[in-house]
Every structure is written in C-alpha cells, then in structure tokens.
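The values are calculated or read from the model by the stated rules, or taken from the named source; none is laboratory data. No experiment lies behind these values; they were computed from the predicted model shown. As a convention, Cβ positions derive from the backbone with ideal geometry for all residues, glycine included, and neighbour counts pool all protein chains shown.
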Amino acid sequence: MNLWGPAVKCRSLFCAENLRRAAAYRELYRIEEKFKDSDACYRYYSTQRPVDIGTFPKPQGNPPLAIVNYGDDLRRPVAGGTLLAWEELLYRHPLTAAEMEGYELKPCADNPGTWSGQGSDV
C-alpha cells in the first residue's frame, strides 16, 4: 500500500527530493538555520494547552529555538505514548523547574544530560 500518493513510488526518493528542494530554497533566499538537528537542544511538551502568546517561557538569553506545531486541533501522544501534547518547544539551554511548572511544560526524557531514571516525561 502506497501511503505517499500515486506519484511517489519510493519514500526514500521522496524524502531525498524534499531535502534537496528545502536546501535550494534556503540557498536562494539566503535563509540561515537557527539550529541544526545535531545541536544539543532541550525539548518540552505543552500538555495543557496549545502554545500561544504568554503560554511559554522566554527567558533572557534562552529564547525558544522552535515551536513545533503538530498541525491539528488535537493532542498527540508523545514520549512513547505516556503523554498527550499540543505542541513542543525547543530551547538551547534547559528551563528551570519554576519555568516548567509555571507554564505547565513537561521535559522530554531524551534531553541532553538525562538518563533513564533521572529525567522523566511524566
């Protein structure tokens, strides 16, 4: 069963073409990436509400690198299905416990410096 549509016979070819087009777009419009996937970043889930003005911390010197909107009006399972989240926020440095609690954000267990048993998604 082809879930990528009749014009796409191979998912890997589709993904490679998509990456090529994105790189050409960035080069054409001289867009600099704020961060790369290889950079260490801290991920937090918004489990209580969609992200909007005033619903996430903006610490001085640590603004969000990205806000990942899941694109629908439903919460999605994250963290291996242990949480339901509206969106996720990525930061260069970790948030404080007070910032997470004040905005009701849950940290990802895969954040740098965590190990199973130390960090928790719940």
(request) Return the total of residues in segment 58-81 being more than 15 Å from residue 111 (Cβ to Cβ) and either surrounded by fewer than 18 Cβ atoms within 10 Å (Cβ to Cβ) or modelled with pLDDT of 90 or more (or both). (result) 15
(request) Run residue 95 past the list (1) part of a loop (DSSP other than H, G, I, E, B); (2) among the aliphatic types (A, V, I, L, M); (3) surrounded by fewer than 17 Cβ atoms within 10 Å (Cβ to Cβ); (4) at pLDDT 90 or above and report the number of the one that doesn't hold. (result) (3)
(request) Taking residue 84 as the residue in question, decide whether it is over 14 Å from residue 41 (Cβ atoms) and in contact with a strand residue (DSSP E or B) (Cβ under 7 Å, 6 or more places away or on another chain). (result) yes
